[in-house]
Amino acid sequence: MTEEIPAPTVPEEMPSLQAIGTVARMVGLTARAIRYYEELGLLQPAVRVKGADRLFDADDIRRLNEIKRLREVIGFSLAEIAELLDTEATREQLRERFGDTTDAAVRTEILHDALTLAERRLAMFEGKLAQVAAIRDEELQRVARVRRLLADENDKLTTPEAHKE
């Protein structure tokens, strides 16, 4: 049985903007990692004043939690995370477009786009699962091989020839 890991949440009572050090402690990352994610374009802090701390809002913290979860729990590369975050932005745009129209033809087109996007995201997750399954299969084969060797050695210990040596 596997333990389900809940997605981290952002406290409701959190002040509107937080300094990078506070956010790093909150999310469980280093300030250096957060700055690196920013350099890669995975994150844009809510406020960045020249010569001052970067300031992050609740949406930034949610995004950092998602980056951390995709990286640590699922094992996606930063390039894969960037792609997933881009699809998330596209998904939000589709959601807004869908809500802004009542035209059935336009809504159908938007839903087709949303389905294509969801299938692309799902394919990324299934690809990662297939990689994990392949590694798991290798480990299962190693375990079986060691068990066979152990059984062979145990058999040697219990045979009369083993006691003659």
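In table form, for the structure just shown:
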item: Which numbered condition residue 88 misses (of (1) among the charged types (D, E, K, R); (2) within 15 Å of the chain's Cα centre (by Cα); (3) at pLDDT 95 or above); result: (3)
item: Tabulated pairs, region 125-145, first under 21 Å from residue 87 (Cβ atoms), second in a helix (DSSP H, G or I), C-beta under 7 angstrom, 6+ apart or interchain; result: 128/74
item: Condition broken by residue 111, with the remaining ones in (1) surrounded by 15 or more Cβ atoms within 10 Å (Cβ to Cβ); (2) not assigned by TED's automatic domain parsing to the domain that holds residue 31 satisfied; result: (1)
item: Among (1) at pLDDT 90 or above; (2) touching an Asp or Glu at 6+ places or on another chain (Cβ under 8 Å) - the single one residue 79 does not satisfy; result: (2)
item: Test result for residue 110, under 30 Å from residue 21 (Cβ atoms), of a type in the set (A, V, I, L, M, F, W, C) and at pLDDT 95 or above; result: no
item: One residue from 82, 58, 46, 104 being loosely packed, with under 11 Cβ neighbours inside 10 Å and of a type in the set (Gly, Ala, Ser); result: 104
item: Test for residue 55: is it assigned by TED's automatic domain parsing to the domain that holds residue 29, within 16 Å of residue 24 (Cα to Cα), more than 17 Å from the chain's Cα centre (by Cα) and free of Cβ contacts under 8 Å to residues at least 60 places away in the same chain; result: yes
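The values are calculated or read from the model by the stated rules, or taken from the named source; none is laboratory data. From a predicted model like this one, the values you see are computed outputs, not experimental measurements. Positions of Cβ are backbone-derived with ideal geometry, glycine not excepted, and every protein chain shown enters the neighbour counts.
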